[in-house]
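See below for the structure under consideration.
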Amino acid sequence: MTRGYTSITLKGGKKDGEIIDDVSLRKLPDAISFNSECYFAKSNDGNISIMKGSLSSLWHSYSVHIYSKVENKKHESGTIFEFIETRDVERCSAIIKKKTQCLKPAIYGKSYCSENHNSNKQ
């Protein structure tokens, strides 16, 4: 491994055993997350569908798998990130000027993405 770089090994969860090579050690985060492969989309007529791939403008919610960095053991190469939890990500419920729903994810545990979209404030 090149100096200043590491390989990340994921332990637990859906990505158990996956290895990500050549990751810079500079500003290596304490936690990383991965979006689930599927998400829920809400059609204009109100029906909910399960979709796969990149989020469309009709996305309703999806899940993220969160991994946390484990303290390195001496004389072992690589960095281990251990599965912590799966969180559901909801879409911001604010209706914007274009009369459509905001496309941004809501803050965890809230229904809005920012204080500007907090409906309790308006």
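The values are calculated or read from the model by the stated rules, or taken from the named source; none is laboratory data. Just so it is clear, the model here is predicted, and its values are computed rather than measured. Backbone-built Cβ (ideal geometry, glycine too); neighbour counts: all protein chains shown.
Checked against the criterion of being among the polar types (S, T, N, Q), outside any loop (DSSP other than H, G, I, E, B), closer than 30 Å to I8 by Cα and touching a residue at least 12 places away in the same chain (Cβ under 8 Å), the candidates S68, S77 yield just one match: S68. Note on region 22-37: residues that are loosely packed, with under 12 Cβ neighbours inside 10 Å and either on the phi < 0 side of the Ramachandran plot or in a strand (DSSP E or B) (or both) total 8.
One residue stands out among those in region 25-61 that are of a type in the set (S, T, Y) and over 14 Å from the mean Cα position of the chain (by Cα): the one that is nearest to C92 (Cα to Cα), which is S57. Being at pLDDT below 95, in contact with a Phe, Trp or Tyr (Cβ under 8 Å, 6 or more places away or on another chain), under 25 Å from V70 (Cα atoms) and not polar (S, T, N, Q): is that true of D16 here? Criteria not met by D16.
Residues of region 1-58 that are polar (S, T, N, Q) and without any contact (Cβ under 8 Å) to a residue 24 or more places away in the chain: T2, S24, S43, N44, N47, S49, S54, S56.
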